[in-house]
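K.L.:
Submitted below is the structure of interest, expressed as structure tokens.
Just so you know, all these numbers are worked out from the coordinates, no wet-lab data involved. This structure is a prediction, so every number in the text was calculated from the model and none was measured. No Cβ is skipped: glycine too gets one built from the backbone with ideal geometry, and neighbour counts run over all protein chains shown.
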Ligand code: DC
């Protein structure tokens, strides 16, 4: 069947889906700054797909370590990346990454060896390039699945992945608070070391974009941080008359 304007039903649907207003929220910040818990709660309030891009780097690191790869051996990494297949499975409102057809279990994603190596793998520009398209593709995944938007959290979402995102937040917390939060999760992690590597790498370093809203979560509760983000997004979104 062809609709006026000679678009097929499928094309017409795609056009509407591409042009309808759609919320994209970027949340960046250092390790254990509260990004994941906050973003998941904001996703719940605003009916968004939640994308933890750190889990993408973790999943690829876990797979690479399993293949015995070293991030400083570019030849072997290149061969690994050429064969790399990424796809997303939606689980509730989480976009879970699958690497070469396998969803990596949560405890594997947060294993000490992954914590130690993920920033070294994430510093490789060729690896980041392989993850970039998959992250951007989550907008289409979210639209297709009927969400009102997508919230992505990571290190370079507002600076590189979605530099035009209408909403950007940068979460911070002091080192002692972040270390306490992570050890409260029972996890062995090297937070300041990881942050230093993520901040100092030449490719897409951890940075607060100039147009992002900074929120220091050190003395705030989770509901306070979520309320601040949701209020700001609702205010601005309604002001634009988009919803
Ligand atoms: O958010 P996280 O701690 O799970 O992220 C794990 C690592 O992945 C982090 O140390 C750096 C890397 N990362 C990145 O380089 N860019 C992103 N957008 C997200 C994570």
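K.L.:
Suppose only helical runs count, i.e. DSSP H with n ≥ 4. What mean residue ellipticity at 222 nm does that imply for the chain under -39500 (n - 2.57) per run, divided by all residues and rounded to the nearest 500 deg cm²/dmol?
P.N.:
-14500 deg cm²/dmol
K.L.:
Report the label-to-label distance for residue 144 and residue 36 in nanometres (one decimal), using points 7 Å from each Cα along the Cα→Cβ vector.
P.N.:
Inter-label distance under the simple model: 2.6 nm.
K.L.:
Percent relative contact order of the chain, based on C-alpha pairs within less than 8 angstrom and at least six residues apart?
P.N.:
31
K.L.:
Arranged by the count of other C-beta atoms within 10 angstrom, fewest first, what order do 162, 169 take?
P.N.:
Going from least to most buried by this count: 162, 169.
K.L.:
So, in Å, what gap is there between the alpha-carbon centers of region 159-181 and region 198-237?
P.N.:
First find each Cα centre; the distance between them is then 5 Å.
K.L.:
Fewest to most neighbouring Cβ within 10 Å: what's the order for 116, 178?
P.N.:
116, 178
K.L.:
How do 99, 131 rank when sorted from fewest to most other Cβ atoms within 10 Å of their own Cβ?
P.N.:
If I rank by nearby Cβ atoms, fewest first, I get 99, 131.
K.L.:
Based on alpha-carbon centroids, what's the gap between region 54-79 and region 84-99 in Å, whole number please?
P.N.:
18
K.L.:
From the square roots a ≥ b ≥ c of the eigenvalues of the alpha-carbon gyration tensor of the chain, which class results: rounded (a/c under 1.5), prolate (a/b over b/c), or oblate?
P.N.:
The shape class here is oblate.
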